[in-house]
Amino acid sequence: RKKMSKVHHLTSPFSEEVIRSLHAGDIVYFDGPLFGIRDLTQIHIFDHNNPPPVSLEGMPCIHTAPSLRKVGDKWEKICVGTTTSTRMDRFTPGLIGQYGVRAIIGKGGLYQGSLEAMKQYGAVYLAIVGGALWVTPRLAKWLDQREAKNKSYFDGMLEEDPAETADTSVQKGGDSHV
């Protein structure tokens, strides 16, 4: 007998209790802050030992692939879409364990080490269909390293003003019940 998926309506940031109540196959809608995070951002955080410019405690982070267009000497943000999570898998245990991220949103899944971190700390992988989420510049303020006074390379990390989601829908993949 096939188990029925539950539908959850949440608001970020998420508590450990709420995340541990989710199960594989559940549908999750949420409102609230969502941080986009790409590979270069995570290389800067973990390989160059630079903490994120904002707290990620309890937050969802989506694996992003920003699209930029050069206009004169500045970069204009066009949109942000999802990218393959396995490309960033090596950073996931640190995002969860060190920085308290409660949800990773992406496509393609993650490897066992990330799932173990989710189980240990109470986090979740939320799968999204490729191309199903895009964030316009109107919704997201991006910290552009070309404009940053401290020359931080948080290319793709949402600034202190994360995208505000409105009924974003994702399906729970890996979880804290592994």
Those residues of the range 11-25 which are buried (at least 20 other Cβ atoms within 10 Å of the Cβ) and within 30 Å of residue 67 (Cα to Cα) amount to 12, 14
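Against the definition (assigned to a strand (DSSP E or B), open to solvent by less than 20 Å² (accessible area, probe 1.4 Å) and either among the hydroxyl-bearing types (Ser, Thr, Tyr) or closer than 17 Å to residue 35 by Cα (or both)), how does residue 94 come out, yes or no?
Values: assigned to a strand (DSSP E or B): no; open to solvent by less than 20 Å² (accessible area, probe 1.4 Å): yes; either among the hydroxyl-bearing types (Ser, Thr, Tyr) or closer than 17 Å to residue 35 by Cα (or both): yes.
The answer is no for residue 94.
Determine, yes or no, whether residue 144 is over 25 Å from residue 4 (Cα atoms), open to solvent by less than 40 Å² (accessible area, probe 1.4 Å) and either in contact with a helix residue (DSSP H, G or I) (Cβ under 9 Å, 6 or more places away or on another chain) or at pLDDT 50 or above (or both). Walk me through it before giving the result.
On the way: over 25 Å from residue 4 (Cα atoms): yes; open to solvent by less than 40 Å² (accessible area, probe 1.4 Å): yes; either in contact with a helix residue (DSSP H, G or I) (Cβ under 9 Å, 6 or more places away or on another chain) or at pLDDT 50 or above (or both): no.
The answer is no for residue 144.
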Given the residues 121, 125, which is the only one that is closer than 15 Å to residue 35 by Cα, of a type in the set (Phe, Trp, Tyr) and modelled with pLDDT of 70 or more? 125
Output the residues belonging to the range 56-91 that are aliphatic (A, V, I, L, M) and assigned to a strand (DSSP E or B). 62, 65, 68, 71, 78, 80
Apart from one, (1) within 15 Å of the chain's Cα centre (by Cα); (2) within 14 Å of residue 104 (Cβ to Cβ) all hold for residue 11; the odd one out is (2)
Every residue from the range 41-84 that is under 20 Å from residue 118 (Cα atoms) and either free of Cβ contacts under 8 Å to residues at least 40 places away in the same chain or open to solvent by 30 Å² or more (accessible area, probe 1.4 Å) (or both): 46, 55, 57, 84
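The values are calculated or read from the model by the stated rules, or taken from the named source; none is laboratory data. In this text, all values refer to a predicted model and were calculated from it rather than measured experimentally. Using ideal geometry, Cβ is built from the backbone for each residue, glycine included, and neighbour counts are taken over all protein chains shown. Protein only, heavy atoms only, side chains kept; ligands, DNA and RNA dropped before computing areas. Shrake-Rupley method; radii C 1.70, N 1.55, O 1.52, S 1.80 Å.
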